[in-house]
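Notes for the one structure printed next.
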Amino acid sequence: MSEQSPLVVDVVSDVMCPWCYIGKKRLEAAIRSVPDLKVQVRWHAFQLDETLPKAGKDRQQYLNDKFGGPERAAEFYEQIKAAGREEGINFAFDAIKVSPNTLDCHRLILWSRADELQDEVVELLFQAYFLNGEDLTKSETLVRISEKAGMQSDLVEQLLETDTDLDKVRHQIAKAQQSGITGVPCFILDERFVLAGAEKAETLAAALIHAEETRTHFEPEPTS
């Protein structure tokens, strides 16, 4: 009998989305709570704001444009901070100086799949942005993250100077939009069940169990 293939969870996410970081932590907690399940997580690109220039935008200007002022922005982010604390994330929104265009971040995540380092790279990108306020539009930031994750950072540095896979990332984003995804995080379980938003770990765990129990398992033909 062949070993059971893992249950695949596709996560559509954007690095500048705080709820996506919260969703990542909740998914990890859900997976830990069902240790008998083999789960494979794959990360897919989305952009909350495709209009941001390649060099990003001054954070205060971005918040003013989006919320109409720092007071309204602060109110909006207060509930996110509270949700983050529950998951062990100490959001440092005040440390963020640049709201980034995340296309290059998504290229890095795409490249990390070949090394099976997507989870590590996504986590380091979230930490760099939300905990340390680092500028994710700078190549040196992404190269350093790639090295810390265990990727070939010299190759990443070379690739970032080109347009390699930009079209592929844009296609991924367009595909997500065409499939009806308008917000992130979005969790797709076994290519059948969709959970939109940063659901609680208990909800995600129940969905994982249901997806596993309703999978169609194909056994290989016995050899004579």
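For segment 117-173, filtered to residues that are acidic (Asp, Glu) and assigned to a helix (DSSP H, G or I), the residue that is farthest from Ala92 (Cα to Cα) is Asp167.
Among the residues making up segment 74-92, those that are closer than 14 Å to Pro18 by Cβ, without any contact (Cβ under 8 Å) to a residue 60 or more places away in the chain and either in contact with a helix residue (DSSP H, G or I) (Cβ under 9 Å, 6 or more places away or on another chain) or among the hydroxyl-bearing types (Ser, Thr, Tyr) (or both) are Ala74, Phe76, Tyr77, Lys81, Glu86, Asn90, Ala92. Regarding Leu37, is this residue surrounded by 21 or more Cβ atoms within 10 Å (Cβ to Cβ) and either under 20 Å from the mean Cα position of the chain (by Cα) or modelled with pLDDT of 95 or more (or both)? In short, no. In segment 39-83, the qualifying residues are those that are part of a helix (DSSP H, G or I) and aromatic (Phe, Trp, Tyr), and the one that is nearest to Lys25 (Cα to Cα) is Tyr77.
For (1) under 16 Å from Val12 (Cα atoms); (2) in contact with a His (Cβ under 8 Å, 6 or more places away or on another chain); (3) surrounded by 15 or more Cβ atoms within 10 Å (Cβ to Cβ), each residue gets a yes or a no:
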position: Gln60; (1), (2), (3): no, no, no
position: Ala74; (1), (2), (3): no, no, no
position: Ala83; (1), (2), (3): no, no, yes
position: Glu87; (1), (2), (3): no, no, yes
position: Leu103; (1), (2), (3): yes, no, yes
position: Ala114; (1), (2), (3): no, no, no
position: Leu125; (1), (2), (3): yes, no, yes
position: Gly133; (1), (2), (3): no, no, yes
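The values are calculated or read from the model by the stated rules, or taken from the named source; none is laboratory data. Nothing here was measured: the structure is a model prediction, and the numbers come from that model. For neighbour counting, all protein chains shown are included, and Cβ atoms are generated from backbone atoms with ideal geometry for every residue, glycine included.
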